[in-house]
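Q: Below is one structure. I have some questions about it.
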Amino acid sequence: MKKRKLGLALSLVLAAGTLLGACGKTTDNNNATNKGTKNAKPSFTVGMVTDVGGIDDKSFNQSAWKGLQEFGADNNMQKGTKGFDYLQSQSDADYSTNLNTLSRQGFSLVYGIGFMMQQAVDDIAKQQTKTKFAIIDAEVKEPNVASVLFKENEGSFLAGVVAGMVTKTNKIGFIGGMESAVIERFEAGFRAGVQAANPKATVDVQYAASFTSAEKGQAIASKMYSSGEDVIFAAAGGTGTGMFKEARDRKAKDPSKDFWTIGVDSDQTAEGVVTAGGKQVNVVLTSSMKRVDNAVKDISTKAMKGNFPGGQTTTYGLAEDGVGLAPLNDGMPNKDAIQKAVSDWQDKIKSGSVKVPATRAELKTFSAK
Amino acid sequence: MSKRLRNILVPIIAILLGIIVGTIIMVASGYDAVAAYTALWNGAFGNIYYTGEVVRQVTPYILAGLAVAFAFRVGLFNIGVEGQFMVGWLASVWVGLAFHLPKFIHLPLAILASIIAGALWAFIPGLLKARFRIHEVIVTIMMNYVALYVTNYIIQHVITNNADRTPSIPDSASLRSPWLASITDFSRLHWGIVLAIICCFIMWFLLEKTTRGFELRAVGFNQHAAHYAGMSVNKNIILSMVISGAFAGLAGAMEGLGTFGYVATKAAFTGVGFNGIAVALLGANTALGVFFAALLFGALEVGALNMPLAAGVPNELVDIIIALIVFFVASSYLIRWFIERISKKGVK
Amino acid sequence: MEYVIEMLNIRKEFNGFVANDNITLQVKKGEIHALLGENGAGKSTLMNVLFGLYQPEQGEIRVKEKPVKISNPNIANDLGIGMVHQHFMLVDVFTVTENIILGKEITSAGRIDLKKAEREVREISERYGLAVDPKAKISDISVGMQQRVEILKTLYRGAEILIFDEPTAVLTPQEIKELIQIMKTLIKEGKSIILITHKLKEIMEVADRCTVIRKGQGIGTVNVSETNQNELASLMVGRQVVFKTEKIPSNPKEEVLKIENLVVKDSRGITAVNGLDLTVRAGEIVGIAGVDGNGQSEFIEAITGLRKSEHGSVKVRGKELLGLNPRKINESGVGHIPQDRHKHGLVLNYPIGENMVLQTYYKKPLSKNGILNFKEIYNKARKLISEFDVRTPSEFTLARALSGGNQQKAIIGREVDRNPDLLIAAQPTRGLDVGAIEFIHKRLIEQRDNGKAVLLVSFELDEIMNVSDRIAVIFEGRIVAVVDPKDTTEQELGLLMAGSSRKEAGESTHV
């Protein structure tokens, strides 16, 4: 009985195999021709692997894909295997498969977007030595891998300056996604900025233990606003959308009070639009931007021109236009003064006269001046 | 129509229906269906690397499926496979990192750690069910969250100093083998598949051939009759959860000692445990069924990754098509009913 | 003579299996017409054809002499045919009225007019002497009342011909009496009744004519006044049936079961068995007579280890059973034919063969070192199947697929085969036909003759009177009297079961 069933199942699989296999023949040929053309005319192609968020995550992956599209447009490339393309991962286990697929398809340069892909990039770079790789937010010491880091602390320092100058209650909130070196840079820079602009203000630091839980973000923001905090900065990916919602809800109910937010990674102004007291206002002060797009464009251009920074770590800060502050909200009080303060600090950081702390330990010894 | 013929026909019709409906959707939205399915097939079996990846992906699915199926056969719905999987993963890596031992001791020890961790994690809901009749679904769901945050905490604050992931385990605790990688062109295929197949056999043998299995199945079908016949219902409930958890924990070791070689903090569930539920149901809760259902899931999942690139089908559509195939296979009851009706008319 | 229903030469088959073959049933207006047959003879199929659930392959149905085609139950309803199902189709949380109007609601401006409906229900109830409270909730009324609600439902829908499917299977003796009265009232009011049953006594008592079917074939129709139980039984079974179970006088020996002051609570925590004392000796059958709900189930569950006892003592051959688990009790020489064979007696999804070893699978040679020996298991199963005449396609057939009688035979075979000192049989013949009942009674007596102690619990007084050597009457959790079946009557037992003392009962029956 049992044996028979096994036989059945096997024959089923085989049948399905031949069926699909028959369809498969044509593409094998296509692949061959693809390879042929590539060999005939080696051109520069670039691909990227996203994490589960995909290219419309309003954050990191989206920014990277924007950079890749702009690079493609600048160089007359088409989306697809002959120009630029991306693969989305459905789980952590897919990073490796996707990086491999892009490499095997013959992409000249393959990006792994996010520190979660560090191990996968490390492993595959050793196997696929002809492909160039780049990893965002992590370091991989292989000759064919360019590592890209950001000085998030510099961007969030400026956000901290804004927060410190806007707050009336001298109580400011910070929501972190999950504890990690990257988020610690956001936290340290932000707290340093607040301290520099308004030494009397305190920063309440909370971690949500998730980058995807809007409910948690909302719960934390609610508690913060209730305890008198009037500016919150969320460096927490999708968790931050909960903060925006809480701020909008409260603003709509109580238009006279302040419920400010600060966005992260890209310009999140659109998240803050709300109708309060009969007119449209925006609760987003500004966003601490991480210009992954600029970094992707930069590394791609270098690779195409033959000076790919393989084996090196490139750190993008304010000076390199890798981080920055989104345009300030027109609705904020003393906008001009704040704008001026931001510019001043920006100059000092760019010139190197102020070094923004990147960890909590460095924050302890930081003094603004 | 003979039962045997029907058993072959139903899954074939199911897969074909899934493909047909998927084709209609793709054509309607302007994509090349042939290219898409070709990409799906090639992404799973078109290249030895991908085949290796399919087998690698199938391995934890088999074990997670066995975990759900085993509890199900005893009448329990173990939603907690996800959590047991995570603690098993953590335990295997922890033991892998904590000791320096020769491989023939270190690897079995790390595997054993995952099994014990998963079993313990499932023991709690089993005990609560047996003693206080607290429904296992509620307890296991909660235990999943506990597992998620506890493992994150241990990774960040016990194993490492505030890092997102542990270092990689040494070779002495790894299931990977250079030989398996070399025959599959650097895929992450590892020896875990052998363990998974052995576990299929163990589940089948335990349930179908032993007195213990006789009791477990009897409890699953009819607790009252089992009690009447002198079997200890509570003992068998706890035992089934423990064995189920052991399979789930071992599935975790497949990721910890095989696929990844480390464990990272997670923002959300991995989904392996939940896919295990689908695998078990699709496989009719039998060992052999789970094996083939896992194969289908693994192949679809790995193959689908190739579809956006090779056929230009957007990810969302890929998800829909994969879901359709699974839907039709899972709703084979409907097809069975249909065949029965048609064949009945035939007799008339 | 006017026929209200004629089913002429009906033939119905399922995938080659002929369930009804050339059956003719003619029901006169104003009569109670019994449809008699063993379980599986084709009674239900025939009625489902009449009710429009099945289409016959051959034959004709006429209602009031007009040929009709009944393709669904709605048409049957419109023709005035109503069915009182064996398993009630009532919504527990609804009131009587709500259940009755379900699907035929009277509405005014979209709202259900409950007042009017209640009035109508009360009217019908009074006219036929049903005494149903239209406002009562189904979950609050007794099984007998629920059945009357089913009857009301068909009357409310204007039924002229009522089909009763095994109506007495779920009723107490008192309720059966009342039902018979109701049926007679219905006839008086001009209704006609088809009564499906395999209980000969009821037919003799209430029916005017009786159509017998056997193995799908129509055997014939007889006037009840011109026949007797024996003739009906042999028509139904196809051979002579022995009613009064033959048995030699009992020869009781030493005490096997001794119960003292047993107290058991039911699932709601209410004391169900309240200081029960009883002894059963080797070589005798003690029957427990009582109305359902006087602690019988809790009593049996307590001595077989399925339920915890509060206190007391249950000894089998001097060994205390209380506090032991079911396995230990099994091993102490107790066999148990459970009251609910589907709930306790069988794992329905196991093959019948594996059900045969449900308590013994762990013993050699059925298993060794924890590994089952299926060859031995099925050898044993085959032996028991042939010995106890269990009709099954094979020993691998799921227990679920067997008829009730054969399931019960399998359980009895299993329990007898374990050779217990004490065999407990709780309602062993519930829902079975004459042939199976005869077989089971013989087996119980055989056990007694082999020197075993047998404890029989039944709600059927006939069975208790027939099979027992002593009768213990249970009332409110206590044995209130122990009588010899030879010097008691059903009336006396009935009164004892209702709580009268022996003396009162004796007086009233002798008046």
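The values are calculated or read from the model by the stated rules, or taken from the named source; none is laboratory data. A quick note: this is a predicted structure, and the numbers were derived from the prediction, not measured. A quick note on method: Cβ atoms are made from the backbone with ideal geometry, for glycine too, and the neighbour counts reach across all protein chains shown. Ligands, DNA and RNA are stripped out before the accessible areas are found, and what is left, the full protein with its side chains, is counted by its heavy atoms. Shrake-Rupley method; radii C 1.70, N 1.55, O 1.52, S 1.80 Å.
Q: Compute the orientation-averaged projected area for region C:121-267 from the convex hull of its Cα atoms and round it to one decimal in nm².
A: On the way: hull surface 58.3 nm².
Orientation-averaged projected area of the Cα hull: 14.6 nm².
Q: Would you kindly derive the ³J(HN,Hα) couplings of region B:329-341 from the backbone phi angles with the Karplus curve 6.51 cos²θ - 1.76 cosθ + 1.60 (θ = phi - 60°), listing them in order in whole Hz, with x for Gly and Pro?
A: 5, 5, 8, 4, 4, 4, 5, 4, 4, 5, 4, 4, 4
Q: Nothing charged except the Cβ atoms of Lys and Arg (+1) and of Asp and Glu (-1): what's the magnitude of the dipole of region B:58-289 about its Cα centre? Round to the nearest 20 debye.
A: On the way: 13 positive and 8 negative charges, 89 e Å.
Approximately 420 debye in magnitude.
Q: Check residue A:79: other-chain or 5+ apart residues with amide H under 5 Å from its amide H, H built from backbone geometry?
A: Amide H neighbours of residue A:79: A:84.
Q: Now for a different question. Taking the 0 to 90 degree range and rounding to the nearest ten, how far is the long axis of helix A:240-253 tilted relative to the main principal axis of chain A, both from C-alpha atoms?
A: The angle comes out near 40 degrees.
Q: May I ask for the accessible area buried between chains A and B, both sides summed, probe 1.4 Å, to the nearest 100 Å²? Mind dumping the intermediate values first?
A: On the way: alone 17730 and 16790 Å², together 30340 Å².
Using a 1.4 Å probe, the pair buries roughly 4200 Å².
Q: Shifting gears a bit: For n ≥ 4 DSSP H runs only, could you compute -39500 (n - 2.57) per run for chain B, divide by its residues and tell me the 222 nm figure to the nearest 500?
A: On the way: 16 runs with 259 residues, N = 348.
Mean residue ellipticity, 222 nm, calculated: -24500 deg cm²/dmol.
Q: A further question follows. Can you list residues whose amide H is under 5 Å from residue A:57's amide H, if they're 5+ apart or on another chain and H is modeled 1.01 Å from N?
A: A:62
Q: Have a look at region A:192-213 and report residues whose accessible surface goes down by 50 Å² or more when the remaining protein chains are included, against the chain on its own, probe 1.4 Å, ligands and DNA/RNA excluded.
A: none
Q: For B:13, B:237, B:342, give the ranking by accessible area with the largest first, probe 1.4 Å.
A: Working: B:13 55, B:237 0, B:342 105 Å².
Solvent-accessible surface, decreasing: B:342, B:13, B:237.
Q: Which residues, if any, in region B:150-177 lose at least 50 square angstrom of accessible heavy-atom surface (probe 1.4 Å) when the other protein chains sit next to their chain rather than the chain being alone?
A: B:162, B:164
Q: How far is it, in nm, from the label point at residue C:15 to the one at residue C:29 when both lie 7 Å from their Cα along the line to the Cβ?
A: Taking the two extended label points, one gets 4.4 nm.
Q: Leaving ligands, DNA and RNA out of it, report the carbon-plus-sulfur percent of the accessible area of region B:89-155 at a 1.4 Å probe.
A: Values: 2710 of 3330 Å².
Accessible surface attributable to carbon and sulfur in region B:89-155 totals 81 percent.
Q: Can you give the accessible area per residue of region C:282-331, in Å², using a 1.4 Å probe?
A: 38
Q: Continuing with this model, one more query. Tell me, what is the 1.4 Å probe accessible area of residue B:274, in Å² to the nearest 10?
A: Taking all protein chains as shown, residue B:274 has close to 80 Å².
Q: Threshold 30 Å², probe 1.4 Å: give the residues of region C:324-349, in number order, that are less accessible with all protein chains present than with their chain alone.
A: Buried on complex formation: C:326, C:327, C:343, C:344, C:347, C:349.
Q: Report the Rg/Rh value for chain C, based on alpha-carbon coordinates and the Kirkwood definition of Rh. The partial results should precede the final answer.
A: Working: Rg = 24.7 Å, Rh = 25.0 Å.
Reported Rg/Rh (Cα atoms, Kirkwood Rh): 0.99.
Q: Please go through the residue pairs C:66/C:188; C:308/C:442; C:135/C:177; C:104/C:215 and name each one whose alpha carbons sit more than 29 Å apart in this structure. If you can, show how the numbers build up before the last one.
A: Working: C:66/C:188 24 Å; C:308/C:442 33 Å; C:135/C:177 25 Å; C:104/C:215 38 Å.
Those over the limit are C:308/C:442; C:104/C:215.
Q: Still on this structure, please answer the following. For residue C:478, enumerate residues with amide H under 5 Å from its amide H, sequence gap 5+ or separate chain, H modeled in the peptide plane.
A: Amide H neighbours of residue C:478: C:274.
Q: P(r) tail for the protein assembly as shown, what percent of Cα pairs lie past 54 Å? Could the numbers behind the result be given before it?
A: Details: 317336 of 753378 pairs.
Above the 54 Å cut-off, the protein assembly as shown has 42 percent of its Cα pairs.
Q: Let me ask something additional. Shielding by partners for B:268-281, please: the mean number of other protein chain Cβ atoms within 10 Å of each residue's Cβ.
A: 1
Q: Would you mind classifying region B:58-289 by shape? Square roots of the alpha carbon gyration tensor eigenvalues, ordered a ≥ b ≥ c; an a/c under 1.5 is rounded, otherwise it is prolate if a/b is larger than b/c and oblate if not.
A: Numbers: a/c = 2.12, a/b = 1.54, b/c = 1.38.
In terms of gyration-tensor shape, prolate.
Q: For region B:237-348, just say rounded, prolate or oblate: build the C-alpha gyration tensor, square-root its eigenvalues into a ≥ b ≥ c, call rounded for a/c under 1.5, and beyond that prolate if a/b exceeds b/c, oblate if not. Write down the numbers at each step before the final one.
A: Values: a/c = 3.03, a/b = 1.32, b/c = 2.28.
Since a/c reaches 1.5 but b/c is at least a/b, the shape of region B:237-348 is classed as oblate.
Q: Where the centre of each part is set by its Cα atoms, how far does region C:97-137 sit from region A:208-249, in angstrom?
A: 58
Q: Counting only heavy atoms of protein chains, what accessible area per residue, in Å², does region A:46-150 have with a probe of 1.4 Å?
A: Numbers: 3540 Å² over 105 residues.
Ligands and nucleic acids excluded, the result is 34 Å² per residue.
Q: Hey, what's the per residue convex hull volume over the C-alpha atoms of region C:56-144, in cubic angstrom?
A: Values: hull volume 13.5 nm³, N = 89.
In region C:56-144, the Cα convex hull volume per residue is 152 Å³.
Q: What FRET efficiency, computed as 1/(1 + (r/R0)^6) with R0 = 35 Å and r the Cβ-Cβ distance, is obtained for residue C:379 and residue C:328, rounded to the nearest 0.05?
A: Values: r = 27 Å, r/R0 = 0.78.
Working from the Cβ atoms, E equals 0.80.
Q: Computed on protein heavy atoms with a 1.4 Å probe, what is the summed buried accessible area for the chain pair C and B, in Å² to the nearest 100? Mind showing how you got there, number by number?
A: Details: alone 23470 and 16790 Å², together 38100 Å².
In total, this chain pair buries about 2200 Å².
Q: Taking the Cα centre of the protein assembly as shown as the origin, how large is its charge dipole in debye, to the nearest 20, when only Lys and Arg (+1) and Asp and Glu (-1) carry charge on their Cβ atoms? Present the calculation step by step, with values, prior to reporting the outcome.
A: Numbers: 136 positive and 122 negative charges, 422 e Å.
In debye, rounded to 20, the protein assembly as shown gives about 2020.
Q: For peptide A:93-103, how many partner chain Cβ atoms fall within 10 Å of a residue's Cβ, on average?
A: Working: counts 13, 6, 1, 7, 13, 4, 0, 9, 10, 1, 1.
Rounded to a whole number, the mean comes out at 6.
Q: If ligands, DNA and RNA are left out, what is the accessible area of residue C:433 with a 1.4 Å probe, given in Å² to the nearest 10?
A: 20
Q: Sticking with this one: With axes computed from alpha carbons, what is the tilt in degrees of helix A:94-104 against the longest principal axis of chain A, rounded to the nearest 10 within 0 to 90?
A: 60
Q: Now a separate question. Counting only helical runs of four or more DSSP H residues, what would the 222 nm mean residue ellipticity of chain A come to if each run contributes -39,500 (n - 2.57) and the total is spread over all its residues? Each step should come with its number before you reach the end.
A: Working: 11 runs with 170 residues, N = 369.
Calculated at 222 nm, the ellipticity per residue is -15000 deg cm²/dmol.
Q: Also: Using unit Cβ charges (K, R positive; D, E negative) and no other charged atoms, how large, in debye to the nearest 20, is the dipole of region A:216-263 about its Cα centre?
A: Numbers: 8 positive and 6 negative charges, 34 e Å.
Roughly 160 debye for region A:216-263.
Q: In deg cm²/dmol, rounded to 500, what helix-only [θ] at 222 nm does chain C give when every DSSP H run of at least 4 residues adds -39500 (n - 2.57) and the total is split over its residues?
A: Values: 17 runs with 166 residues, N = 511.
So the helix-based figure for chain C works out to -9500 deg cm²/dmol.
Q: Kindly identify region A:46-150 as rounded, prolate or oblate by the Cα gyration tensor criterion: order the square roots of the eigenvalues as a ≥ b ≥ c, call it rounded if a/c is under 1.5, otherwise compare a/b with b/c, prolate if a/b is larger, else oblate. It would help to have the intermediate numbers written out before the result.
A: On the way: a/c = 1.43, a/b = 1.17, b/c = 1.23.
Taking the square roots of the gyration eigenvalues as a ≥ b ≥ c, region A:46-150 is rounded.
Q: At residue C:486 and residue A:273, where each label point lies 7 Å from the Cα along Cα→Cβ, what is the point-to-point distance in nanometres?
A: The answer from the label model is 10.2 nm.
Q: Let me check something: with ligands and nucleic acids excluded, how do A:304, A:224 order by accessible area (1.4 Å probe), largest to smallest? Walk me through the intermediate numbers first.
A: Values: A:304 75, A:224 5 Å².
So, going from the largest accessible area down, we get A:304, A:224.
Q: Further, regarding this structure: Tabulate in residue order the Karplus-calculated ³J(HN,Hα) for region A:177-191, using 6.51 cos²θ - 1.76 cosθ + 1.60 with θ = phi - 60°, rounded to whole Hz; enter x for Gly and Pro.
A: x, 10, 4, 6, 4, 5, 5, 5, 5, 4, 5, 4, x, 4, 5
Q: Just need the relative contact order of chain A here, percent rounded to a whole number, with Cα pairs under 8 Å and 6+ apart.
A: Working: 749 pairs, mean separation 60.3, N = 369.
Relative contact order comes out at 16 percent.
Q: Now for a separate question. If ligands, DNA and RNA are left out, what is the accessible area of residue C:127 with a 1.4 Å probe, given in Å² to the nearest 10?
A: 130
Q: Could you rank B:94, B:121, B:89 by how accessible they are, 1.4 Å probe, largest area first?
A: B:94, B:121, B:89
Q: Hey, another quick one. If you average the sequence gap of Cα pairs under 8 Å that are 6 or more apart and divide by the length of chain B, what percent do you get for the contact order? Write down the numbers at each step before the final one.
A: Working: 631 pairs, mean separation 127.8, N = 348.
This gives 37 percent for chain B.
Q: Given a cut-off of under 8 Å on Cα pairs at least six residues apart, what relative contact order in percent is computed for chain C? Show your work: numbers first, answer last.
A: Details: 1009 pairs, mean separation 72.7, N = 511.
Reported relative contact order: 14 percent.
Q: Right, another one. Quick one: with all protein chains in place, what share of the accessible area of chain C is carbon or sulfur, to the nearest percent (1.4 Å probe)? Don't skip to the answer; put the middle values down first.
A: On the way: 10730 of 22440 Å².
Exposed carbon and sulfur together represent 48 percent of the surface.
Q: Please give the average number of partner chain Cβ atoms lying within 10 Å of the Cβ of each residue in B:203-214, rounded to a whole number. The partial results should precede the final answer.
A: Values: counts 0, 1, 1, 1, 0, 3, 6, 6, 10, 5, 3, 12.
Counting Cβ atoms of other protein chains within 10 Å of each residue's Cβ and averaging gives 4.
Q: Here's another thing I want to ask about it. Treating the angle as unsigned and between 0 and 90°, give the value, to the nearest 10°, between the Cα long axis of helix A:335-351 and the longest Cα principal axis of chain A.
A: 60
Q: Using a cut-off of 25 Å between alpha-carbon atoms, which lysines can reach residue A:350, once sequence neighbours fewer than 8 places away in the same chain are excluded?
A: Of all the lysines, those that pass the test against residue A:350 - Cα under 25 Å, at least 8 places apart if same chain - are A:151, A:290, A:297, A:302, A:335, A:340, A:364, A:369.
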